[in-house]
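Every number here is computed from the coordinates shown, using simple stated rules; none is lab data. Given the structure is predicted, the values throughout are model-derived calculations rather than measurements. Here the Cβ is made from the backbone with ideal geometry for all residues, glycine too, and neighbour counts use every protein chain on show.
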Amino acid sequence: LVVSALLLVAAIYTRQSYALAAPLAAFVWLWTHDRRQALGLAALVGGLSLLLFLVLNVLTRGGFYFNIVTANVNEFDIERVQHKWRELREAAPILLVLGGAFLFLAPRRVRTWSLLAPYLIGACLSAVTIGKIGSNINYLLELSVALSLVAGAFVVWSRKHPWLRAGLLVLLAIQTGLLMRATLRGPVEGLKWRVLPTRELDNRDFKNLNWVIKSADGPVLADE
């Protein structure tokens, strides 16, 4: 329990939104097995997170709160959420259908329901925060994990029905193809377009940037 709490706190301090889906799933799953352990986990995660926050804030003289909380209060754009939802719906329709079916049709007596359902719900709520100005597709990481876990659960449940299992695997193969298409159309095609020799202006900019990086003293921090 202690190790799990430490790992959850470590995840929360890499990204604030990680304070929702995984801790919620762990708490609900434990609650269905041993309520005392569930409460113990909640106390450990909440207490350690708060203690670490106070220590860091004191050591930085309020800088930790300012940079993590105050500086991140950006405008929320609902149109951005709608745009990302359309992209996700186009790229992962089968996974989304499986996710909805899992929440509303899967029997509660299934052993993994109390773990995967709260994780999926928490991941959906975290994904909505992609509407915050400055956010990017990494806000959908937990939702991607949740949908993948649900797909795996469906594959396991279909073992006793060979034809159902075969159909499900075909659908997931199609889904993989849709995801690959989305990747090729998006990031890969965008990068190709930027470095084409015919785009002389962009190409020159890349060469200039390359020279700046090579001639700089010391390490250069960059995400591209």
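Calculate the all-directions average of the projected area of segment 1-122's alpha-carbon convex hull, and give it in nm². Display every interim value, and only then the final one.
Numbers: hull surface 38.1 nm².
Value for segment 1-122: 9.5 nm².
Just how many pairs of Lys in the chain have C-alpha atoms closer than 24 Å, counting pairs that are eight or more places apart or on different chains?
Details: LYS84/LYS132; LYS84/LYS192; LYS192/LYS207; LYS192/LYS214.
Taking the chain as the scope, the lysine pair count is 4.
Hey, what number do you get for the chain at 222 nm if only DSSP H runs of n ≥ 4 count, each worth -39500 (n - 2.57), divided across all residues, to the nearest 500?
Estimated from H runs of four or more residues: -23000 deg cm²/dmol.
Nearest 20 debye, what's the magnitude of the dipole of the chain about its Cα centre given +1 on Lys and Arg Cβ and -1 on Asp and Glu Cβ? Write down the numbers at each step before the final one.
Numbers: 23 positive and 14 negative charges, 170 e Å.
Computed charge dipole of the chain: roughly 820 debye.
Taking only alpha carbon atoms, the chain gives an Rg to Rh ratio of 1.05, where Rh is the Kirkwood radius.
Legend: Rg and Dmax of segment 49-92, from Cα coordinates, 17.1, 47 Å. Relative contact order of the chain, taken over Cα pairs closer than 8 Å and 6 or more residues apart, is 20 percent. For segment 1-129, a crude dipole built from +1 on the beta carbon of Lys and Arg and -1 on the beta carbon of Asp and Glu, taken about the Cα centre, is about 400 debye to the nearest 20.
Within segment 1-102, which trypsin sites (Lys or Arg not before Pro) sit in a loop by DSSP and count at most 12 neighbouring Cβ atoms inside 10 Å?
Working: sites: ARG15, ARG35, ARG36, ARG61, ARG80, LYS84, ARG86, ARG89; in loops: ARG15, ARG61.
Sparse-neighbourhood loop trypsin sites (Lys or Arg not before Pro): ARG61.
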